[in-house]
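Every read-out reported here was derived from the displayed coordinates using simple, explicitly stated rules and does not represent laboratory data. Because the structure is predicted, anything quoted here is derived from the model rather than measured. All Cβ positions, glycine included, derive from the backbone under ideal geometry; neighbour counts span all protein chains shown.
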């Protein structure tokens with residue numbers, strides 16, 4: 001073999017070796033990088049759900065009793081009850097009517113827990129403020145403690161069943177509509193045409209539910225963050241289920257009812273993991289094609305990945321500082337300030353607000369059960385925010401899943417001597433209500449007297465937090481979170497402690513040791529190699 | 001003695017290089033899952049880390065099987081013998097050009113440090129990685145059936161294992177450069193061949209064994225009743241037999257004409273009395289009834305001091321027309337000598353009979369050129385013969401003159417056949433039978 005051939009051969013050999021070493025890498029990298037799931041049309045696996053196509057079986061306009069001249073809304077209810085003669089009793093047992101649910105407290109006693117004895121993080125407590133708060137009650141005339149919860153005629157049937165869209169409860173009238181044209185906050189309220197409404201009743205539409213649930217807290221999207229008026233007519237970008245270009249589902253498609261008891265729990269007032277509306281009821285617990293994603297559903301709620309942001313249209317209230325309330329302009333009018341988005345940043349009656357849009361949720365473990373701060377509970381540690389409600393569950397609890405939550409933070413009025421949250425008398429035309437007189441002391445005296453609790457005469461403000469699990473405004477699958485949203489050093493679950501998550505967790509010490517081990521090996525090799533090289537020369 | 005030897009078998013190399021790829025790939029995807037960098041994307045990294053893990057597991061199962069079946073697991077038995085010497089070598093000796101303190105052989109491929117490290121990998125690091133990996137895979141949300149309280153401990157051990165493997169790879173790759181030349185060891189792991197120390201005793205035994213198997217001298221072995229226990233290919237060929245089964249168990253008398261059986265009976269009788277027959281000419285009757293001539297040697301076989309049978313070699317002399325009759329009787333007292341030379345003509349091995357014929361000690365012969373054993377005038381004949389053999393031909397008999405150590409010459413019949421390695425002729429071997437007695441008689 002001459003020299004030329006030899007070099008050629010050597011070159012070929014080197015080339016071959018190079019190929020043998022590198023080719024598998026190129027192949028592997030190309031395969032892996034091209035193996036990401038292709039976007040294909042996916043059929044979503046659905047059980048237990050069929051779009052509602054049933055037309056109303058009766059024409060209410062034909063009923064004689066509904067053609068009489070109605071003077072009051074109660075007359076309409078009485079007319080309804082003549083046929084639906086068991087429904088009144090059913091309603092009496094629902095939380096929509098009672099605004100309460102049975103709850104076994106720490107002593108083992110069953111109590112009624114609801115809006116009467118909890119605090120919320122917005123307008124605080126309903127007692128002494130009823131006419132304003134109960135404008136969303138499905139009844140007429142819950143003005144004070146003396147409301148008769150057994151009077152069936154006070155049930156407001158039409159707030160849920162009106163199909164005309166013309167029926168409105170007045171914001172400060174304890175659940176009643178107006179009897180004459182009245183203005184409120186720049187909006188005109190007209191007396192309803194009861195005949196037209198009564199003859200046009202049907203299954204609740206989005207607007208019916210929304211008339212209360214959109215506006216909790218006194219304005220659109222104030223409380224929930226994921227339920228607001230845009231849902232009445234929305235697109236799949238905002239809510240894949242309700243979007244008219246999506247599945248176009250109504251509220252009741254998921255929140256089915258049994259004897260008027262509607263499925264679903266909201267943990268601002270609910271306490272137990274029962275009769276909940278879940279994604280799994282239609283989607284099953286293993287809805288993905290990917291096995292690892294299906295394994296995630298063991299401990300991660302669907303909502304966590306599929307609701308990447310909430311308040312996608314209107315902003316929601318994230319923070320309410322009552323301590324700054326009371327400011328007036330020089331002319332004596334109440335100070336009102338709006339931020340650059342046109343949302344209210346300050347109101348003299350209420351204090352400072354913070355609003356946010358397209359908010360990333362916070363994440364917590366939740367097993368479906370919750371605890372609440374009940375009116376009169378002592379605050380043990382005043383340095384921490386008072387937990388208005390507490391979502392129970394943690395990593396060690398096998399029934400707990402990670403869920404997305406809107407956390408609403410506030411500063412509420414507090415009795416530092418008795419260490420209890422004060423339920424102030426806010427609403428009313430009397431001489432002590434805060435919104436008329438702007439005197440926290442007077443409002444506290446009245447408010448605490450109504451709830452039968454002591455008031456030391458001293459008040460301060462304390463940080464509070466309230467947790468709102470998110471289930472609406474579900475995004476399309478392509479917009480769901482991806483692995484690295486959580487499986488990364490500073491991902492969305494960065495603050496969720498108590499367990500090891502790949503990609504997020506590591507041991508600083510171990511990584512340092514490992515890195516040093518590699519560096520040391522490398523340095524040792526280089527030094528040894530150089531010494532060998534030079535010692536041979 | 002150093003010799004190019006096949007030390008890494010095919011599966012071993014496949015296993016090693018697959019392991020290389022898999023470990024690199026697992027590290028690459030694993031540290032992406034550890035959030036050390038982004039490359040494949042987290043989802044892909046997880047998916048392919050799992051696939052590679054399963055592939056690795058399959059490979060491990062095969063490798064375990066292989067190690068036990070081949071007995072190669074013994075290579076990994078740890079020893080402290082020469083451990084300090086090996087450490088000293090890497091710290092001091094290597095810089096002074098000192099020789100390796102331990103010698104690689106087929107039976108001892110690893111130095112004490114390698115044994116210790118590889119065993120550690122096989123028994124500690126890799127099992128720990130597999131077990132923690134499985135927990136990682138199947139106890140993603142660990143509560144059932146055993147509550148292990150989170151992945152933390154297992155994940156951290158898995159990470160530690162990964163770091164140790166990287167450190168191992170760096171050191172391992174570097175230490176491959178400490179062979180004869182920097183690339184020797186890597187080449188060996190690619191081709192399987194490396195120049196290593198060979199055990200002369202082992203080699204000798206191996207040569208003798210192969211000599212019988214592949215030689216063109218026929219080998220036979222009889223039991224105490226004179227029935228055939230074994231014959232080699234060359235024997236079958238000489239008797240024009242195709243199937244060994246036709247011979248095994250049959251009495252030797254079927255190999256002779258009726259008249260000649262007595263002659264053989266006599267030989268057999270003598271051997272069973274403990275005598276060694278160095279060479280006796282014989283006429284055989286082949287399977288097809290044709291006749292052939294050969295010279296045979298015979299010696300008793302022993303088990304526990306008792307004669308259990310006899311064995312010997314035969315060399316065909318059918319075509320040896322020159323004085324064949326004389327030869328028949330003349331080479332009576334000779335004995336089959338065995339030799340083996342490499343392709344350049346240097347002696348690799350010889351047996352005692354050969355040494356006896358030539359009057360040399362073994363050490364004086366091995367590694368020397370065959371010219372040692374020939375007169376100058378005869379040298380070209382042998383050169384021609386070697387050239388033929390190197391082309392793959394065999395020579396079944398040829399009369400040659402040898403030069404003994406004391407300078408005297410003598411005649412013998414020689415057989416020669418090529419020695420193959422990887423389909424290439426790398427040497428030649430054969431038997432010689434002394435016929436010098438004929439010469440004297442004649």
At the level of C-alpha centres, the distance separating region B:355-377 and region B:1-49, in angstrom, is 53 Å
Under the helix-only model (-39500 (n - 2.57) for each DSSP H run of 4 or more, divided by the residues of chain A), the mean residue ellipticity at 222 nm, to 500 deg cm²/dmol, is -7500 deg cm²/dmol
Normalising by the residue count of region B:202-328, find the relative contact order in percent from Cα pairs under 8 Å and 6+ residues apart. 24 percent
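Roughly how large, in nm² to one decimal, is the mean projection of the convex hull of the alpha-carbon atoms in region A:388-444?
On the way: hull surface 25.1 nm².
Across all orientations, region A:388-444 yields a mean hull projection of 6.3 nm².
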Log entry: pair-distance distribution for region A:307-363, C-alpha pairs binned every 5 Å from zero, whole % per bin is 5, 19, 22, 19, 15, 10, 6, 3, 1, 0
Starting from 0.36 nm per residue, how many nanometres of slack lie between residue B:152 and residue B:96 once their C-alpha separation is accounted for? 15.3 nm
Each label sits 7 Å from Cα toward the beta-carbon; between residue B:214 and residue B:58 the label points are separated, in nm, by 3.6 nm
Residue-averaged beta-carbon neighbours from other chains (10 angstrom radius) around B:163-170: 5
Please express the Cα-Cα pair-distance distribution P(r) of region B:202-328 as a list of whole percents, one per 10 Å bin, running from 0 to the bin with the greatest distance. 13, 44, 35, 8, 0
Most mobile of B:248, B:386, B:314 per a Gaussian network model of chain B (Cα springs, under 10 Å)? B:248
Calculate the length of the line joining the C-alpha centroid of region A:298-360 to that of region B:147-222, in whole Å. 71 Å
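Please average, across the residues of B:171-177, the number of beta carbons from any other chain that are within 10 Å of each residue's own beta carbon, and give a whole number. Before the final figure, lay out each step's value.
On the way: counts 5, 1, 1, 7, 2, 0, 4.
Counting other chains' Cβ atoms within 10 Å and averaging over B:171-177 gives 3.
Please report the antiparallel percentage of DSSP beta bridges with both residues in chain A, rounded to the nearest 5.
Details: 46 of 52 bridges.
DSSP beta bridges in chain A are roughly 90 percent antiparallel.
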If R0 = 45 Å, then residue B:227 and residue B:200, at their Cβ-Cβ distance, give a FRET efficiency to the nearest 0.05 of 0.80
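So if each residue of separation counts as 0.36 nm, and I subtract the Cα-Cα distance between residue A:286 and residue A:458, what length gain in nm does that give?
Details: separation 172, 0.36 × 172 = 61.92 nm, distance 5.52 nm.
This chain segment gains 56.4 nm when fully extended.
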Estimated distance in nm for a label pair at residue A:20 and residue B:84, the labels positioned 7 Å out from Cα along Cα-to-Cβ: 4.1 nm
Helix B:152-175 vs. chain B, principal-axis angle (Cα, 0 to 90°, nearest 10): 40 degrees
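Return the Rg/Rh ratio of chain A with Cα-based radii and a Kirkwood Rh. List each step's numbers first, then the result.
Numbers: Rg = 30.8 Å, Rh = 27.4 Å.
Rg divided by Rh gives 1.13.
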Angle between the Cα long axis of helix A:73-83 and the longest principal axis of chain A, 0 to 90 degrees, nearest 10? 80 degrees
Rounded to 10°, Cα long-axis angle of helix A:508-536 versus longest principal axis of chain A: 10 degrees
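Would you mind calculating the relative contact order of chain A from Cα pairs under 8 angstrom and at least 6 residues apart, reporting the percent as a whole number?
Numbers: 934 pairs, mean separation 69.9, N = 537.
Taking the mean separation of contacting Cα pairs over the length of chain A, I get 13 percent.
When ranked by the protection proxy of mean other Cβ atoms within 10 Å per residue, highest first, what sequence do the peptides A:58-67, A:128-137 form? Write down the numbers at each step before the final one.
Details: A:58-67: 12.9, A:128-137: 22.2.
Highest mean packing first, the order is A:128-137, A:58-67.
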Förster radius 22 Å - calculated FRET efficiency between residue B:177 and residue A:535, Cβ distance, rounded to 0.05: 0.95
Quick shape check on region A:288-442: root eigenvalues a ≥ b ≥ c of the Cα gyration tensor, a/c under 1.5 is rounded, otherwise prolate if a/b tops b/c, else oblate, and it reads oblate
Mean shadow area (nm²) of the C-alpha convex hull around chain B is 31.0 nm²
Normalised alpha carbon radius of gyration of the protein assembly as shown [divisor 2.2 N^0.38 Å]: 1.64
Inside 10 Å of the C-beta atoms of A:514-524, what's the mean count of C-beta atoms belonging to other chains? 5
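Can you divide the C-alpha Rg of region B:9-113 by 2.2 N^0.38 Å and report the result to two decimal places?
On the way: Rg = 18.9 Å, N = 105, 2.2 N^0.38 = 12.9 Å.
Taking N as the residue count of region B:9-113, the ratio is 1.46.
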Inter-part gap, Cα centre of region A:206-271 to Cα centre of region B:62-141, in whole angstrom, is 66 Å
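How high is the relative contact order of chain B, given as a whole-number percent (alpha carbon pairs under 8 Å, six or more residues apart)?
Values: 670 pairs, mean separation 48.0, N = 442.
Relative contact order, chain B: 11 percent.
What's the extension gain from residue B:65 to residue B:276 if we count 0.36 nm per residue and subtract their Cα-Cα distance?
Working: separation 211, 0.36 × 211 = 75.96 nm, distance 4.68 nm.
Gain on stretching residue B:65 to residue B:276: 71.3 nm.
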With the Cα gyration tensor of region B:76-224 giving a ≥ b ≥ c as the square roots of its eigenvalues, does the rule (a/c under 1.5 for rounded; else a/b larger than b/c for prolate; else oblate) give rounded, prolate or oblate? oblate
So if we plug the beta-carbon distance of residue B:137 and residue A:497 into 1/(1 + (r/R0)^6) with R0 = 22 Å, what FRET efficiency do we get, rounded to 0.05? 0.40
CD proxy at 222 nm, helix term only [per DSSP H run n ≥ 4: -39500 (n - 2.57); per residue of chain B; nearest 500]: -13000 deg cm²/dmol
